[in-house]
Amino acid sequence: MSKPPKILDQLRHSIRARHYSYRTEQAYVMWVKQYILYHNCKHPNEMSESEVSAFLSHLAIARKVAPSTQNQALNALVFFYKNTIRKPLASIENIQHSKTPRKLPVVLTQQEISSLLKQLEYPHWLLAALMYGSGLRLMEALRLRVKDFDFNYRTISVYQGKGRQNRIVTLAEELIPPISAQIEHAKTLHSKDLEDGYGRAELPFALARKNPNAATNIQWQYVFPSYKRSSHPQTGAVGRHHVHEQSLQRAVKKAIVKAKIAKPASCHSLRHSFATHLLLRGADIRTVQEQLGHADIKTTQIYTHVLQRGGHAVISPLKDILATPTLVPVLATARSH
């Protein structure tokens with residue numbers, strides 16, 4: 001008689017049955033594993049709300065994680081108990097919530113962006129330019145496919161971004177020639193893969209079921225393919241994935257050092273800079289929100305703090321009054337008293 005699958009394998013099956021992303025699977029499995037280890041490998045069936053509360057409080061108090069990290073751990077455990085253990089959690093009380101203050105985004109000046117880009121080579125230069133020029137997240141840039149570019153309308157279609165949201169962002173006209181060249185490079189690799197019996201791209205679940213032959217179509221191939229083939233971690237199918245995110249992250253970090261930028265910048269700083277520079281140029285905050293794909297405008301408003309403005313991008317009218325020359329003597333007299 002075969003043994004029942006291990007509890008973490010059951011969790012993986014539950015996640016894949018609902019077509020969650022591989023990154024979500026990795027995160028949820030990691031949190032459930034940490035939860036079990038924190039309670040000395042006690043079986044989850046023998047634990048409930050009080051143990052979940054204790055673990056989440058531990059994350060906030062001892063490990064001082066960010067609120068978003070604590071929420072991700074909570075979501076993982078709620079999913080686990082509902083869909084794997086089949087014992088949905090009731091209301092979880094007495095959680096010590098994380099109060100780590102939200103950091104202001106690191107924003108680079110246009111001169112710093114220019115210096116950074118000069119230190120990068122292909123394909124990292126083009127990826128970084130896309131992140132700054134279109135406000136893309138790291139994985140959004142890496143996952144772009146040939147079909148996502150519309151050169152006529154100067155747009156990029158971002159599918160299944162953070163929160164499974166779709167949106168359309170601007171495409172800088174200056175990037176059309178290098179992107180066209182990069183697509184030709186992807187086509188060359190794809191033709192070689194097809195000759196070797198490969199060349200099948202990973203497809204969204206619905207399309208893979210309805211039209212599995214679309215996997216070999218050039219429009220579904222990654223614009224930034226990896227230099228070598230690899231096996232898919234979930235299916236085991238051999239294919240050509242996109243450039244690994246760590247490759248771009250390392251390249252940008254090295255470029256920041258070479259450019260002598262004295263800020264704790266990263267790949268995400270390019271996206272932050274895109275939003276801030278749009279606002280500086282007079283763009284409406286809701287337009288910036290749509291470009292970034294933020295569900296809540298409060299998330300976008302953090303860039304107004306970077307601009308040294310109020311929470312609603314309001315500049316005090318007192319600035320204009322104090323700038324009036326006739327008031328200067330009055331203020332000087334007031335200080336003398």
Reachable lysines, given that their alpha-carbon falls under 27 Å from the alpha-carbon of residue 210 and they are not under 8 places away in the same chain: 147, 162, 187, 192
Packing-based order for 216-228, 187-199, using average beta carbon neighbours within 10 Å, highest first: 216-228, 187-199
Most to least packed among 268-275, 76-83, 279-286, 290-297 [average Cβ atoms within 10 Å]: 268-275, 76-83, 290-297, 279-286
Mean separation of Cα contacts under 8 Å (6+ apart) over length of the chain, as relative contact order %: 17 percent
Cross-link reach list, lysines versus residue 253, counting only Cα pairs under 21 Å and skipping chain neighbours closer than eight places: 103, 118, 263
Surface share of carbon and sulfur [accessible, 1.4 angstrom probe, percent] for the chain: 53 percent
Correct choice for Cα Rg over 2.2 N^0.38 Å that was computed from the model, options (1) 1.12; (2) 1.23; (3) 0.97: (2)
Solvent-accessible area per residue for segment 75-199 (1.4 angstrom probe, square angstrom): 56 Å²
Over the chain: helical MRE at 222 nm, DSSP H runs n ≥ 4 each giving -39500 (n - 2.57), nearest 500: -14500 deg cm²/dmol
Full-stretch length increase - residue 87, residue 250 - with 0.36 nm per residue and alpha-carbon distance subtracted: 54.4 nm
Candidate lysines - alpha carbon under 27 Å from residue 6, same-chain residues fewer than 8 apart omitted: 33, 42, 82, 87
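The values are calculated or read from the model by the stated rules, or taken from the named source; none is laboratory data. Since the model is a prediction, treat every value here as computed from it, not as a measurement. For neighbour counting, all protein chains shown are included, and Cβ atoms are generated from backbone atoms with ideal geometry for every residue, glycine included. Accessible surface is based on the protein model in full, side chains and every heavy atom, while ligands, DNA and RNA are left aside. Shrake-Rupley method; radii C 1.70, N 1.55, O 1.52, S 1.80 Å.
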